[in-house]
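Have a look at the structure below before the remarks.
Read the figures in this text as sums done on the coordinates, not as results from a lab. None of these values were measured; they are calculated from a predicted model. All Cβ positions, glycine included, derive from the backbone under ideal geometry; neighbour counts span all protein chains shown.
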Amino acid sequence: MLEIKKEDIKEYKVNKKSRKKRTLKSKQFLKELAQQVYRGEVFTSFQIHDPNDIPSVFMPLMLMSPDMGQGMHQDKPCMFYSFMKDQFPTGINGYPCFGSVAYLNREEAEIFDDYYKKIEKAIDEV
């Protein structure tokens, strides 16, 4: 019979002092992301009407341990996104579901939103 000792189980812990700060996304990346969202290649949390549905759409948010969530929330995520090619075959509440997720902080999300609005405006003017 297989026996697992308690010391063999490692727990994920966030060390706030030694944790590296996430580098900001470049403006070029955010511009390309806005284009991909407009084309429907990327799904964002901005497209979800009820904020309570966000963890159901982006499954890693629901399944991560509290320590992992705390580590992520130190970066103050504002917008979550995932690529449509990575969606599960079924969805919840009319939304797709994803097994992967990335995020932008508030500053990045504002730049992204600005690019997205410029794209919408340019298309509307045609």
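Residues in segment 63-68 carry Karplus couplings, in order, of 9, 6, 5, x, 5, 5 Hz; the curve used is 6.51 cos²θ - 1.76 cosθ + 1.60 with θ = phi - 60°, and Gly or Pro positions show x.
Residues of segment 73-95 with amide nitrogen under 15 Å from the 7 Å Cα-to-Cβ point of Phe29? Once the point is set 7 Å along Cα→Cβ of Phe29, 75-83 turn out to lie under 15 Å by backbone N, inside segment 73-95.
Measuring against 22 Å, Cα to Cα, the residue pairs Lys31/Lys121; Lys27/Lys121; Lys21/Lys118; Lys76/Lys118; Lys76/Lys121; Lys25/Lys76 contain Lys21/Lys118; Lys76/Lys118; Lys76/Lys121 as the ones spanning a longer distance. Rounded to the nearest 500, the 222 nm mean residue ellipticity of the chain from helices alone is -11500 deg cm²/dmol, with -39,500 (n - 2.57) taken per DSSP H run of at least 4 residues. Proximity of backbone amide H atoms, modeled 1.01 Å from N, is registered between Met79 and Leu104 at under 5 Å, excluding neighbours fewer than 5 places apart on the same chain.
Convex hull volume of the Cα atoms of the chain, normalised per residue: 156 Å³. Relative to the 2.2 N^0.38 Å rule of thumb, segment 54-126 has a C-alpha radius of gyration ratio of 1.31.
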